[in-house]
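The values are calculated or read from the model by the stated rules, or taken from the named source; none is laboratory data. All figures in this text were calculated on a predicted structure; none of them were measured in a lab. Here the Cβ is made from the backbone with ideal geometry for all residues, glycine too, and neighbour counts use every protein chain on show.
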Amino acid sequence: MHRITTFLLAGLAAAVLSFPAQAQEAGLIFYGIQMEEVEYRLGEGEDRTAAWNGDAFVGTDELKLRWLGQGEYNTRTDTLERMENRIVLQKPVSDFFDVKAGVRLDTPDGPDRWFGVLGVTGLAKQWFEIDADLFVSETGDAAARLDVEYELLLTNRLILTPSADIDFAFAEDREIGVGSGLNSIEVGLRLRYDIVDRAISPYIGFVYERKLGDTAGFAKAEGEDAAAWFAVIGTRLMF
């Protein structure tokens with residue numbers, strides 16, 4: 001079954017990347033870097049974390065190579081709590097949505113994990129930013145993630161951004177502390193102010209993280225909290 005799932009994902013990825021796009025001007029190469037979140041999180045007690053979430057791309061309007069990365073570093077214990085890197089090819093399939101396919105490497109608390117990635121990203125109705133991915137690990141376990149974000153313009157430069165990240169696993173992976181089913185959520189609310197041609201946007205806000213089901217049980221067995229609140233201060237960077 002695992003081999004069939006992996007084969008299907010590979011076939012879908014190949015079909016995605018061969019899908020004809022609308023004609024674009026030839027020879028134009030675009031590139032950029034955006035760190036959506038570079039922040040310091042202050043939690044209850046002595047919980048202190050540096051966190052980041054960003055991406056970089058190079059390519060044309062028809063096809064882009066993208067790096068997406070995120071992670072958390074505990075500044076109190078000087079330990080890397082998690083880090084994720086994805087390398088994907090991304091191609092438009094409509095005016096508002098792109099599909100993507102590639103690989104992901106996680107370095108969690110435990111053995112590293114490789115995943116195949118197939119997903120979609122773009123703007124849904126009412127201008128919600130959607131990023132949905134399906135992952136299949138090297139062990140054959142499948143998982144999915146949904147990221148949703150919305151930018152509410154209070155003024156031309158003052159922007160309130162609610163966000164939600166939801167993780168779901170189709171199988172248990174005890175080695176990395178992940179249970180099957182809905183296993184974690186993270187919701188945030190950040191208020192930023194765009195300055196320096198919108199390239200630098202400092203913000204403040206809060207983040208709530210919660211592990212669910214067996215994933216929460218695994219965390220508690222390791223002496224970790226299943227839920228946590230954080231006040232955050234950081235900046236959004238675009239180059």
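Observations, loosely collected:
- Residue in the stretch 103-147 that is farthest from Ile87 (Cα to Cα), counting only those that are among the aliphatic types (A, V, I, L, M) and in contact (Cβ under 8 Å) with a residue 40 or more places away in the chain: Ala142
Conditions (1) part of a strand (DSSP E or B); (2) in contact (Cβ under 8 Å) with a residue 40 or more places away in the chain; (3) surrounded by 15 or more Cβ atoms within 10 Å (Cβ to Cβ); (4) aliphatic (A, V, I, L, M), marked per residue:
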position: Asp167; (1), (2), (3), (4): yes, no, yes, no
position: Gly188; (1), (2), (3), (4): yes, yes, yes, no
position: Val207; (1), (2), (3), (4): yes, yes, yes, yes
position: Phe218; (1), (2), (3), (4): no, yes, yes, no
position: Phe230; (1), (2), (3), (4): yes, yes, yes, no
position: Ile233; (1), (2), (3), (4): yes, yes, no, yes
position: Arg236; (1), (2), (3), (4): yes, yes, yes, no
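- So Val136, is it crowded, with 16+ Cβ neighbours inside 10 Å, in a strand (DSSP E or B), among the β-branched types (Val, Ile, Thr) and touching a helix residue (DSSP H, G or I) at 6+ places or on another chain (Cβ under 8 Å): yes
- Qualifying residue in the stretch 192-203 (condition: of a type in the set (Val, Ile, Thr), touching a Pro at 6+ places or on another chain (Cβ under 9 Å) and over 16 Å from Glu72 (Cα atoms)): yes
- Asn156 fulfils the conditions (1) buried (at least 16 other Cβ atoms within 10 Å of the Cβ); (2) at pLDDT below 95; (3) of a type in the set (S, T, N, Q) except for a single criterion, (1).
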